[in-house]
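In what follows, a structure is listed as structure tokens, so that the remarks can point back to it.
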Amino acid sequence: MKASAIAGCCNKLRHRIVAGAALVTAGNAVAGSTLPESGILDPGQIDVRGTVGLSYFGAGQGTTMDVLPSLRTGLPGPFDVAVTVPYRNDLEQEQYALRSSFRTDFSYRFLDDGPRQAVLGGYMTFDPSDAGEGVGSGSHNYGVSADYRAEDIVGTGTFYLRGAVERLDHRDDPGADEVSYRLANRLTAEIGLGLDVDVDAEPYFGLRGTQGLGSTTRDQQSLSFRPGIRFRYTPNSEVQFLAQFDTVQRNAEPERAIFVTWTYQHRPPERDLDSLRERISANEMAIERLDRRVSDIERRLLTRTEVPEPETREGVVVLNHSGIPELTTLVVDTLENLDLSVGDTRDEDDVARRDRTKILYRPGHAERAREIARALPGNQLIEQRDDMPNQAEIAVLIGFDLE
């Protein structure tokens, strides 16, 4: 009889710890393991991603390790899709649990206005875990989210905003004799700031809050501080580090977590005939412009007097920091289509390669700088400066994101 009681207690303890592990997965369903994003992949582009995370719950609820391999690809139009196979290891009890055999995420970009972008996303799990194994409710989880990014609200940073509504696994209140899972609704909101440090990295600081929805979870809230950094170490690879510290919780278990994410971005080169013709035409136009500039310089040298001329400011200078000479032609053509005067263009091969294009401007020229940003492809950084290259009013520092 005594042995039977001990065995029953051990089974309850094991069930409670493994169930605590499953709660971590539910808690990280939409906005957990990676930094905010608001981009959509084009057809043919692929992101291969791997995430490793450690999550610790207080009050003896266990420590878990998550491994999240993911494959993401672009679809025709402003859509992309991702497939993830989550894996879980309970580090205290050595219990292994596959949270869901298959998860798909669909994303749709409904706003693309230069420095401002917004994406609507949705996810669903398929073939969920059996409730009898103590790792989940055995039901499909699903949710929708909206991500917004703006680069022109904060002077030297990027503003991020995310909201999500989910129907996901929820564990009974801590302290219950029997731990079981059921589906519950939850609202999540996160606000963050990514800093522009003028290198291939973006420090991030965010605040994330959750609110239970429905009669059984509406009194459960939490507020978390989420610092992180995104670092690009090659043109196609980046690493993210993200931590989470629950600072306030009401009727919810405190959590501390850290996640490391590696991403490889496959971007196929343009090799079609139309693209080749466009590049040849662009090169011919660049040669013609160069010939006109040389003639103009020769004419000014022949008519130059010995009287020193006062310092003049050029309209726009173009400095190529991408290492791709063809991008200079693209930018110059865009500026001339905007009826802007291009004062100087240079391929600066002796400086560090820039992954994102930056537009610098003197006070009073902000609107012109934004007009250039809207005309160029991609998402450029915009910054006001008093000291400008070549005494220009506006300077365009080309990065290889324009390719």
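The values are calculated or read from the model by the stated rules, or taken from the named source; none is laboratory data. In this text, all values refer to a predicted model and were calculated from it rather than measured experimentally. Here Cβ is always computed from backbone atoms with ideal geometry, including for glycine, and neighbour counts include all displayed protein chains.
Scanning segment 25-38 for residues that are within 23 Å of G192 (Cα to Cα), under 15 Å from the mean Cα position of the chain (by Cα), modelled with pLDDT under 85 and aliphatic (A, V, I, L, M) turns up at least one hit. The single residue among F225, F245, F231 that is assigned by TED's automatic domain parsing to the domain that holds E151 and at pLDDT 95 or above turns out to be F225.
Condition check for L290 on (1) surrounded by fewer than 16 Cβ atoms within 10 Å (Cβ to Cβ); (2) in the same structural domain as E166 (by TED's automatic domain parsing): one failure, at (2). Which pairs turn up if I take residues in segment 340-366 that are more than 15 Å from Q380 (Cβ to Cβ) and look for partners that are among the polar types (S, T, N, Q) with beta carbon separation below 6 Å, at least 6 apart in sequence or on another chain? Sorted first by the residue in segment 340-366, then by its partner, the pairs are D344/N390; T345/T328; D347/N320.
Could you please let me know if D344 is part of a loop (DSSP other than H, G, I, E, B) and in contact with a Pro (Cβ under 9 Å, 6 or more places away or on another chain)? For D344, the condition - part of a loop (DSSP other than H, G, I, E, B) and in contact with a Pro (Cβ under 9 Å, 6 or more places away or on another chain) - is not met.
Checked across segment 306-320, the condition of being at pLDDT below 85, part of a loop (DSSP other than H, G, I, E, B) and small (G, A, S) holds for at least one residue. Surrounded by 11 or more Cβ atoms within 10 Å (Cβ to Cβ), of a type in the set (K, R) and modelled with pLDDT under 80, is that true of R279? So R279 passes the test.
Checked against the criterion of being surrounded by 11 or more Cβ atoms within 10 Å (Cβ to Cβ), within 29 Å of the chain's Cα centre (by Cα) and not hydroxyl-bearing (S, T, Y), segment 293-304 contains not a single residue that satisfies it. With the structure loaded, tell me whether L168 is at pLDDT 85 or above and part of a strand (DSSP E or B) or whether it fails that test. Considered against the rule, which asks whether it is at pLDDT 85 or above and part of a strand (DSSP E or B), L168 comes out as no.
The set of residues in segment 180-230 that are assigned to a strand (DSSP E or B) and farther than 18 Å from A243 by Cβ comprises Y181, R182, L183, A184, N185, R186, L187, A189, Q211, G212, L213, Q221.
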